[in-house]
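First comes the structure, then the notes that go with it.
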Amino acid sequence: MNESSASGQARIVSFDDEPLILVDADDNVIGHMEKARAHEGEGVLHRAFSIFLFNSDGHVLMQQRAAGKQLWGGFWSNSVCSHPRRGETVADAARRRLEEEIGVVADVHYLYTFEYHAQFGEIGAEHEMCAVFFARSDMAVTGNPTEIADFAFMAPETLDDALATDPERYTPWLKMEWPRIRDAHWDEVTAPPRAG
């Protein structure tokens, strides 16, 4: 899957000590915690988001996470994943992160929010209240190498097959989000963009 390589500027856009937004099971804010600490042990529930970027061919951008990531480094995942910052809406954070991580400026479209927990052995865990978005763009992708080792656009059917035949290469949240998008939100994703 080496169709494209990450060749963007090595700008650091994520910090271990940045405060994540802690929430309860109803997504009410209950505090803040440094990112590295929030992912230790079994993880502490915090807000996050995932974005699936599609080009005009209907292919979705996949990224291989940088090897230095605290969790799931080197695994393949969806286009962009991150966390909103204190005082930032999730949608604003998603738009910001598209530009920071892959150099794309685009509107994001909300699909759904879900809570999940995924353990990465003894290293730590993701415990997230994750908002899922999609975006459309044909801008050239420039992967930020501090976040991304590689990236490639995939046809939806190719990703379906890859998750079925080689699931261990992919992040756990992708394996939860993509089937739900395909089953429950595909009409939204593939609908022609609204004018205006």
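No lab work stands behind these numbers, since they all come straight from the coordinates. It should be emphasised that the depicted structure is a prediction, and the values quoted were computed from it without experimental measurement. So basically every Cβ, Gly included, is an ideal-geometry build from the backbone, and we count neighbours across all protein chains shown.
Summary table below
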quantity	calculated
Those residues of region 54-82 whose amide nitrogen sits under 11 Å from the label point placed on A155, 7 Å along Cα→Cβ	59
Burial ordering of E100, E88, fewest other beta-carbon atoms within 10 Å first	E88, E100
Cleavage-rule hits (trypsin sites (Lys or Arg not before Pro)) in region 122-196: DSSP loop, at most 10 neighbouring Cβ within 10 angstrom	R194
E188 paired with N55, simple spin-label distance in nm, labels 7 Å along Cα-to-beta-carbon	2.5 nm
Around G58: net Lys/Arg minus Asp/Glu count, Cβ-Cβ under 12 Å	-2
GluC sites (Glu not before Pro) within region 25-57: DSSP coil, no more than 16 neighbouring Cβ in 10 Å	E40, E42
Shape metrics for region 4-190, restricted to C-alpha atoms - Rg then Dmax, Å	15.3, 42
Mean ellipticity per residue at 222 nm, deg cm²/dmol - from DSSP H runs of n ≥ 4 across the chain, formula -39500 (n - 2.57)	-5500 deg cm²/dmol
